[in-house]
Amino acid sequence: MMTTRLPLLLLALLTPSSALQLRADDIAAAATPVSLIHVAKDFKVELLYSVPKGQEGSWVSMCHDDKGRLLVSDQYGRLYRVTPPAADGSPSDTKIEQIDLPIGAAQGMVFAKGSIYLQVNGDEFQGRGLYRVSDTNGDDKFDKVELVRGYTGTSGEHGPHGVVLAPDGESIYLTVGNQTPLPEFNKSRVPQLWQEDILLPRIIGRGFMRDAMAPRGWVAKVSLDGKNWELITTGFRNEYDAAFNRMGDLFTFDADMEWDMNTPWYRPTRVCQVFSGADYGWRNGSAKWPVRWEDGAPPVVDIGPGSPTGVSFGYGAKFPAKYQEAFYICDWSYGKLYAVHTTPKGAGYTAVFEEFISGQPLPLTDCIVNPADGALYFTIGGRRTQSGLYRVTYIGKEDIAEKPITVTGDTQALHELRRSLEAYHGVQDPTAIDAAWPQLGHADRIIRNAARAAIESQPVAQWEARALSETQPRIALTALMALCRAGDPAQQTRVVEALDRIPIEGLSVQDLNTLVRDYVLCYLRLGAPSSSQKKHSISRFSPLFPHSDVGLSQDLCELLVYLEDDAVVAKGVPLVNSAPTQEEQIGYAKSLRLAKSGWTPELRESFFKWFPRAANYTGGASFGLFIEDIKRDAIAGLSQEEKAALQPILSAKPEAKAPVFGAKALAFEKNWSVAELEKSLGVGLEGGRNFENGRNCFGAVGCFACHRLNMEGGAVGPDLTSVSGKFSPRDLLESIIEPSKEISDQYGSITFTMKDGNIIMGRIVNMKDDVVQVNTNMMDPNALAPLNRSEIKSMEPSKMSMMPPGLINTLKEDDILDLLAYLLSKGDPKHPYFSTK
């Protein structure tokens, strides 16, 4: 439970918002009533128990025992045992028993072999750590508490969380956030080579946990006796919980850093497969590793802004097969329980997700399937907010027989290959190098990562020469990445020579990203480049900048600034001023702030004129400070004469106005209607559309300010990458022109009528005690109104979308068609929409 957030609202064509209104008496009455909870078709939600806050606290974690009872924990208090009513029983039959032991405050717990294993995240009881609670005499009463291991670090919401029973029942897996340093381990599957690995100094912003350096955010496997601890993976921000699927693969739901929203280093909340030996690349401030860097591991699917809490697979639920196989994830701040539908693909998985349950307020904390009755249970609460226990059952007519997802054919072979490589992680084995080496060039990135971790687990002397002499470019890229991470600085020259031998011609964008990253790792870890190495690297990479791939272009800009390329400033400053997204502009500005050569008075002036414009951009709580940090560092690079000449620009106050992102000049064209444009949707989208113009229009009319597409853009609104699978061209056009025609429950806002007569419209994004924080401006994540529940007269779904109408009224018809093609192509310039035929 954590963090303040903001959703924007592009409507999705789903069930319209309910017209239900919640009155003052309902607001004051315990847990959120089911009348304000939306659930998928043919499912039923019951409120079983409103937790008396003064006596039993606010429940945040839950598991079931071997008798079908639930075990729950107050965030700051004791444990309770809950006996749910029968399927046809009354909620009043719910039985609550306090466990009479000095233990609780658990943010994760599991029942295994008669004991409860739980993690305490605060200073309560014996403090932060892993505990075991046992029934020593078999009388069905827990009577013993043991601290298995305590943790160092400060208390906070980014510490010890989930506890998951391994598939074989003989060990547990722990999820621990980035506020807790690594404890002592008997074994590490992760090669212990972790560093920050950032080329230019980061910017910090507000500096939350500024001293927390890698490795943080980890998953460990622990024997049930607590004696053997094995590190599985690192690099998460605050993964709260995890669950195994039928194939024995572990999944988690990792947090974003909401203060980073609308910056190029913002990472949305995301579902990740927990790979052995991996680093997921969380670093503080602007130093987070983007997904394109192959020394990090990719997510399965991005979800968006939110606050991850409990997760569970649906196995054992009396649901249709699709929902039995779903991975359920709780979002505390936005009150959403998502069903994530995974599909095996390559050596890993792909996924789509849907909103299964939502409500406001509905601060979800945990969810589990109880095998005793086949129901899904979830809790709300946390941060001393009103807590409740709910039950979800299926009341439709679909078949509820099990139909497990299976892995077959080539996909099964790749999964087996990945597991065979993972067996070498953290183990020195004479067969490992020969087994893993060919897979360093595998087409599947997950296989390449697993092979690299296997190689890095072996003594460097046994594979160093092989890496330096490798002639196959794709294998060499991964092998040299391993050598840069694990090798001796004495080999810097030979590593650079080996990288120089890899031909740029014919490399894919991903391989070019990896080549650039290899040079970065080499210069960071093995030694700074000599003047001749700088000159040669510039000659290789300067002609590639700027690149049509935004991520690669940003990495090239950073490397060329580091190498002191004389040409990078002249090519980069125009991008700062004309790129269609504020994220892209900020990315270039962050690198160019430290450029030492290539400046002219005109370029300096153009660069610093960007800052008053950027002051109108919006983002998370650190956003303004990030811009200030970039400007401060850039000013520090000026001479006294330059400072004097630029003083009018440096001291200029920003003019408060709506942000303008792209260079495309716009003026009012007309009030477009769906009827006027739909006649052009057929022939107009058959090919020959202009990708760059579509992307520029997406930025010029403000879409990029709130929405992500193909890992570009803002994060306050839903990710539009999958829009082509949900909308026809006409539906998409209608949703843009008439955003309030049909508002999805998922992205609707609430109208709050206060007892003093004030009316506030927005989304609940955070809660603490009896106060809800409501975001009132979709363009500004920091526009928050604190509302005390006792002062609210009524609340009801708003009939107006927070997405403004008329966004495309400044575009010509061809611009609109290019924009639609850009959206429907998922931002892919190779889509047939853009073919020239």
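The values are calculated or read from the model by the stated rules, or taken from the named source; none is laboratory data. On a predicted model such as this, the values are computed, not experimentally measured, just so you know. Here Cβ is always computed from backbone atoms with ideal geometry, including for glycine, and neighbour counts include all displayed protein chains. To get the accessible areas, we keep the full protein, side chains included, count just its heavy atoms, and leave off ligands, DNA and RNA. Shrake-Rupley method; radii C 1.70, N 1.55, O 1.52, S 1.80 Å.
Restricting to segment 482-497, name every residue that is within 15 Å of Gln195 (Cβ to Cβ) and assigned to a helix (DSSP H, G or I).
Result: Ala482, Leu483, Cys484, Arg485, Ala486, Pro489.
So which residues in segment 312-335 are assigned to a strand (DSSP E or B) and over 15 Å from the mean Cα position of the chain (by Cα)?
Residues satisfying the conditions are Ser312, Phe313, Phe327, Tyr328.
May I ask you to list the residues in segment 192-242 that are open to solvent by less than 30 Å² (accessible area, probe 1.4 Å) and closer than 23 Å to Ser115 by Cβ?
Once the filter is applied, which keeps residues that are open to solvent by less than 30 Å² (accessible area, probe 1.4 Å) and closer than 23 Å to Ser115 by Cβ, segment 192-242 yields Val219, Ala220, Val222, Ser223, Leu224, Gly226, Trp229, Glu230, Ile232, Tyr240, Asp241, Ala242.
Scan segment 752-780 for residues that are touching a strand residue (DSSP E or B) at 6+ places or on another chain (Cβ under 7 Å) and either among the basic types (Lys, Arg) or open to solvent by 40 Å² or more (accessible area, probe 1.4 Å) (or both) and jot them down.
Lys755, Ile759, Met761, Arg763, Asp770, Val771, Gln773, Thr776
Every residue in segment 118-154 that is more than 17 Å from Ala106 (Cβ to Cβ) and not acidic (Asp, Glu), please.
Thr136, Asn137, Gly138, Lys141, Thr152, Gly153, Thr154
If Pro371 passes every condition in (1) closer than 28 Å to Glu796 by Cα; (2) out of contact with any Ser or Thr (no Cβ under 9 Å at 6 or more places or on another chain) but one, which one does it miss?
Going through (1) closer than 28 Å to Glu796 by Cα; (2) out of contact with any Ser or Thr (no Cβ under 9 Å at 6 or more places or on another chain) one by one, Pro371 breaks only (1).
Can you tell me which residue is most open to solvent (accessible area, probe 1.4 Å) among those in segment 341-366 that are aliphatic (A, V, I, L, M) and over 16 Å from Lys41 (Cα atoms)?
Looking at the filtered set, the residue picked out is Val352.
Is it the case that some residue within segment 545-562 is open to solvent by less than 30 Å² (accessible area, probe 1.4 Å), more than 25 Å from Gly296 (Cβ to Cβ) and in contact (Cβ under 8 Å) with a residue 24 or more places away in the chain?
Among the residues of segment 545-562, not one is open to solvent by less than 30 Å² (accessible area, probe 1.4 Å), more than 25 Å from Gly296 (Cβ to Cβ) and in contact (Cβ under 8 Å) with a residue 24 or more places away in the chain, which makes the answer no.
Looking at the structure I just gave you, is Val164 in contact with a Leu (Cβ under 9 Å, 6 or more places away or on another chain), in contact (Cβ under 8 Å) with a residue 12 or more places away in the chain and under 30 Å from Ala486 (Cβ atoms)?
So Val164 fails the test.
Quick one: in segment 242-297, of everything that is of a type in the set (Val, Ile, Thr) and closer than 19 Å to His158 by Cα, which residue is farthest from the chain's Cα centre (by Cα)?
Among residues in segment 242-297 that are of a type in the set (Val, Ile, Thr) and closer than 19 Å to His158 by Cα, the one farthest from the chain's Cα centre (by Cα) is Val274.
Can you confirm whether Ile203 is modelled with pLDDT of 95 or more, hydrophobic (A, V, I, L, M, F, W, C) and under 30 Å from Phe313 (Cα atoms)?
no
Residues of segment 266-279 being among the hydrophobic types (A, V, I, L, M, F, W, C), touching a Phe, Trp or Tyr at 6+ places or on another chain (Cβ under 9 Å) and open to solvent by 10 Å² or more (accessible area, probe 1.4 Å), which ones?
Val274 - this is the single residue of segment 266-279 that is among the hydrophobic types (A, V, I, L, M, F, W, C), touching a Phe, Trp or Tyr at 6+ places or on another chain (Cβ under 9 Å) and open to solvent by 10 Å² or more (accessible area, probe 1.4 Å).
Let's see how each residue does on (1) touching a Phe, Trp or Tyr at 6+ places or on another chain (Cβ under 8 Å); (2) among the acidic types (Asp, Glu); (3) not in a helix (DSSP H, G or I):
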| position | (1), (2), (3) |
| --- | --- |
| Lys535 | no, no, no |
| Leu556 | yes, no, no |
| Leu560 | yes, no, no |
| Pro612 | no, no, no |
| Asn616 | no, no, yes |
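Could you grab the pairs with beta carbons closer than 6 Å, sequence gap of 6+ or different chains, first residue in segment 783-800 and on the phi < 0 side of the Ramachandran plot and aliphatic (A, V, I, L, M), second one part of a helix (DSSP H, G or I) and open to solvent by less than 70 Å² (accessible area, probe 1.4 Å)?
What qualifies is Ile792/Ile27.
From the list Val509, Val520, Val516, which one is in contact with an Asp or Glu (Cβ under 7 Å, 6 or more places away or on another chain) and open to solvent by 10 Å² or more (accessible area, probe 1.4 Å)?
Of Val509, Val520, Val516, the one residue that is in contact with an Asp or Glu (Cβ under 7 Å, 6 or more places away or on another chain) and open to solvent by 10 Å² or more (accessible area, probe 1.4 Å) is Val509.
Could you please find all residues in segment 719-748 being in a loop (DSSP other than H, G, I, E, B), under 23 Å from the mean Cα position of the chain (by Cα) and either modelled with pLDDT of 70 or more or surrounded by fewer than 20 Cβ atoms within 10 Å (Cβ to Cβ) (or both)?
Asp719, Leu720, Thr721, Ser722, Lys726
Taking the options Lys812, Lys830, Lys826, name whichever one is without any contact (Cβ under 8 Å) to a residue 12 or more places away in the chain, within 22 Å of Pro729 (Cα to Cα) and open to solvent by 30 Å² or more (accessible area, probe 1.4 Å).
Lys830
Quick one: would you say Thr379 is at pLDDT 95 or above, more than 30 Å from Ala443 (Cβ to Cβ) and part of a strand (DSSP E or B)?
So Thr379 passes the test.
Within the bounds of segment 209-232, is there any residue that is acidic (Asp, Glu) and at pLDDT 95 or above?
yes
Go through segment 46-80 and count every residue that is open to solvent by less than 20 Å² (accessible area, probe 1.4 Å), over 17 Å from Glu124 (Cα atoms) and not acidic (Asp, Glu).
Number satisfying all stated conditions: 7.
Take Asp66 and tell me if it is more than 29 Å from Pro305 (Cβ to Cβ), acidic (Asp, Glu) and at pLDDT 95 or above.
yes
Residue check, Ile447 against (1) assigned to a loop (DSSP other than H, G, I, E, B); (2) touching a helix residue (DSSP H, G or I) at 6+ places or on another chain (Cβ under 6 Å), all met but one. Which one?
So the condition that Ile447 fails would be (1).
Those residues that are under 28 Å from Val60 (Cα atoms), touching a Phe, Trp or Tyr at 6+ places or on another chain (Cβ under 9 Å), open to solvent by 10 Å² or more (accessible area, probe 1.4 Å) and among the basic types (Lys, Arg), I need them from segment 282-325; list them, please.
The answer is Lys318, and nothing else.
In the set Thr175, Thr152, Thr136, which member is touching a strand residue (DSSP E or B) at 6+ places or on another chain (Cβ under 7 Å), among the β-branched types (Val, Ile, Thr) and open to solvent by 20 Å² or more (accessible area, probe 1.4 Å)?
Thr136
Kindly evaluate Asp399 against the criterion of being touching a Pro at 6+ places or on another chain (Cβ under 9 Å) and not in a strand (DSSP E or B).
Here the answer is yes, as Asp399 does meet what is asked.
Tell me which residues, restricted to segment 284-299, are part of a loop (DSSP other than H, G, I, E, B) and either of a type in the set (Gly, Ala, Ser) or under 28 Å from Thr393 (Cβ atoms) (or both).
Residues satisfying the conditions are Gly296, Ala297.
Tell me, which residue of segment 243-265 that is aliphatic (A, V, I, L, M) and more than 14 Å from Pro305 (Cβ to Cβ) is surrounded by the most Cβ atoms within 10 Å (Cβ to Cβ)?
In this case the residue turns out to be Ala243.
May I ask you to list the residues in segment 416-444 that are on the phi < 0 side of the Ramachandran plot and part of a loop (DSSP other than H, G, I, E, B)?
Ala423, Tyr424, His425, Val427, Gln428, Asp429, Pro430, Thr431, His442, Ala443, Asp444, listed by residue number.
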